[in-house]
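Take a look at the structure below.
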Amino acid sequence: MQTLDLRDKPDEILKWNKIIAPEDLNIFSELQDLQNYAKGEFKGVLRLRHFKGYILTMDFFSYLTKDEKGEDLVLIAFRRKNFSSEEISELQLIKERGENDRINRQVFEGSFKNAAIGMALLDPTGRWIEVNERLCQIVGYSPEELQQLTFQDITHPDDLEADLSLLNELVEGKREFYQMEKRYFHKNGNLVYIILSVSLVRDSTGQPLYFISQITDATALKETQKELGKALSDLENILEASSQVSIIGFDRNGIISSFNKGAENLLKFTREEVIGKLPYAALHLEQEIQERRNELLDFPDENPGLTDILKFLADHGLPHTREWSFKAKGGKEMPVQVTITPIEKNHQITGYLSVATDIKELKRAQKEISSILHITQEQNSRLKNFANIVSHNLRNHSANFKNLLNLYLEEIPQHGENEIVQMLLMASGQLEDTIYDLEKIVTSNKSTHEDLECLNLNNAVEKVIKSVHPLLADTETVVLNNIPRDLKVMALPAYLDSIILNLTTNAIKYRETGRKSYIKFSALRDPEKVVIKIEDNGVGIDMNKFGDKIFGMYKTFHGNEDARGIGLFITKNQVETMGGRISVFSVPGEGTVFEITLKRGDKIGG
């Protein structure tokens, strides 16, 4: 078996020319022509000159393959008339080996070109020989641009020394490959974080032939790590800044592993005193742990500790937020609201995080509220009794007053046309209606919203206008009732009368002297509600000064000696009790507009 190197080696060609019979040199020329191998092997007969001078007629068989560098190489086998079986086997083996080399190279080239990571071949000086498309995407250079550079040209200076050191160890045979994180400069100047893996291919003499580099883009991973690091840093800062919230971490065995500033402030322990030394359960009262244990009727252990209870709750997906008592340094007890959350890693509980807030002020406030509620309930009960007594007595007096008027008119019928007597009769009737409404509210056991009635708003306004007619006449105040005659609202009769009466008398009381006063009633309606507007041109209210106090109890704004500051407070409560709302707009010296929103009594489609 002989080989023929087709590269530019004239000495080897000359050697073959000397042993081939001159008549067959043309056949040797055909043997060197690669086109003759298009259909596979090339075979024929050559006459060779033996070293003893006689001619041997030899059959030859040649095959084209590649050497380890990928260069074309011709294999030639000679045989006499009969080859031995060993020679035939050797020739076939050589043929198969050449085919396998070709297949392996094709597989490598396909994997190299289509790899999901960057791949490159570099010569021993670091110059890029071959690069794949993914590497070009990572660094932004075209293959032609990269082949004009070395890896040193695009490596961050701070990473170059470590890279070259590992590369030297690879060349010296101290390692078979190396892997490192490093930074490349992208063509646009940005930094690209990569994970680099490098191996070395040597030639037949053991000298470095080329490096194979695999480059994984880790930029997104690095950015995520930075964001995570920042988030963890922020979280640590929050934990430290939470001086009013106790945050305590403890491991599966219940031993405290972290203790923030808030925990130090609340419990008076220092971190050094508790971390790795004190069990978290030592901060709790044993009695409360026992109570929690008793609540879990199906708990598997007879005498579980606090961490056993927490693990049981976590395993069953039960939340743990409740009131506990903490024991501070020195034994002082304090109420806290605690939320305990399991910390998991790979679906395994590795510890717990306790977040607690001091609620002693809340407890004190709850106690005060409870006391106030108790007092309020008693007062409400007394007020209800008082209202029953008052309404009963008023009803008697009202009836007596009405009877006296009727007796008077029976004795002197002609006085029935007297204006004052007519006003007394009307006042008597209105008093009787008011007492009836008061009794209805006091004795009702239903919710206020269920007691609302559909009332004619125009009639309610006219009723109030008639009741205050003497005041209107005395102050020469003009009243304009622009409420539609068919407009109805849902309200309590006594409350609606009280609201309109209070706002009307206020408008009269706080009129602007020196000009003609007026009070105007109007309304806007939509399918669901009615907005009642009561407007006057009185002295007005300074909204910048009193805007947030207008509906407060005992708040007055004009310095009148008879003002008690209770009317608007009651009015607001009455409006809201009926499910409505009230607002005010006012300008000092110009007047005031009150807007009251109530449910519409004659809903469209209802």
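So which residues in region 501-538 are of a type in the set (Ser, Thr, Tyr), closer than 14 Å to VAL461 by Cα and buried (at least 18 other Cβ atoms within 10 Å of the Cβ)? Walk me through how you get there before you give the answer.
Step one: filter region 501-538 for residues of a type in the set (Ser, Thr, Tyr), giving 504-505, 510, 513, 517-518, 522.
Those still in the list that are closer than 14 Å to VAL461 by Cα too: 504-505, 522.
THR504, the sole residue that qualifies.
Looking across LEU170, LEU196, LEU164, one residue alone is in a helix (DSSP H, G or I), open to solvent by less than 30 Å² (accessible area, probe 1.4 Å) and either charged (D, E, K, R) or modelled with pLDDT of 90 or more (or both). It is LEU170. From the list GLU240, GLU223, which one is of a type in the set (D, E, K, R), at pLDDT below 80 and out of contact with any Gly (no Cβ under 7 Å at 6 or more places or on another chain)? The conditions single out GLU240. Of the candidates ILE13, ILE27, the single residue that is surrounded by 11 or more Cβ atoms within 10 Å (Cβ to Cβ), hydrophobic (A, V, I, L, M, F, W, C) and modelled with pLDDT under 65 is ILE13.
Quickly run through region 243-289 and pick out the residues that are among the acidic types (Asp, Glu) and under 31 Å from the mean Cα position of the chain (by Cα).
Here is the first cut: in region 243-289, the residues among the acidic types (Asp, Glu) are 251, 264, 272-273, 286, 288.
Selection gives ASP251, GLU264.
Summed over region 529-545, residues that are farther than 30 Å from GLY601 by Cα and of a type in the set (A, V, I, L, M, F, W, C) total 3. Would you check if GLY351 is surrounded by fewer than 15 Cβ atoms within 10 Å (Cβ to Cβ) and either farther than 18 Å from ASN294 by Cβ or among the basic types (Lys, Arg) (or both)? For GLY351, the condition - surrounded by fewer than 15 Cβ atoms within 10 Å (Cβ to Cβ) and either farther than 18 Å from ASN294 by Cβ or among the basic types (Lys, Arg) (or both) - is not met. The set of residues in region 574-594 being open to solvent by 50 Å² or more (accessible area, probe 1.4 Å) and either within 23 Å of GLY540 (Cβ to Cβ) or part of a loop (DSSP other than H, G, I, E, B) (or both) consists of ARG581, PHE585, VAL587, PRO588, GLU590.
Of the helices (runs of 4 or more DSSP H) lying entirely inside region 455-559, those containing at least 1 residues that are touching a residue at least 24 places away in the same chain (Cβ under 8 Å) and under 24 Å from SER428 (Cα atoms) are 457-467, 469-475, 493-509.
Within region 243-273, being assigned to a helix (DSSP H, G or I) and of a type outside the set (Asp, Glu) holds for LYS261, GLY262, ALA263, ASN265, LEU266, LEU267, ARG271.
The values are calculated or read from the model by the stated rules, or taken from the named source; none is laboratory data. Note that the structure is predicted; figures quoted are calculated from it, not measured. Cβ: placed from backbone, ideal geometry, glycine included. Neighbour counts: every protein chain shown. Ligands, DNA and RNA are excluded from the accessible area calculation, which covers all protein heavy atoms including side chains. Shrake-Rupley method; radii C 1.70, N 1.55, O 1.52, S 1.80 Å.
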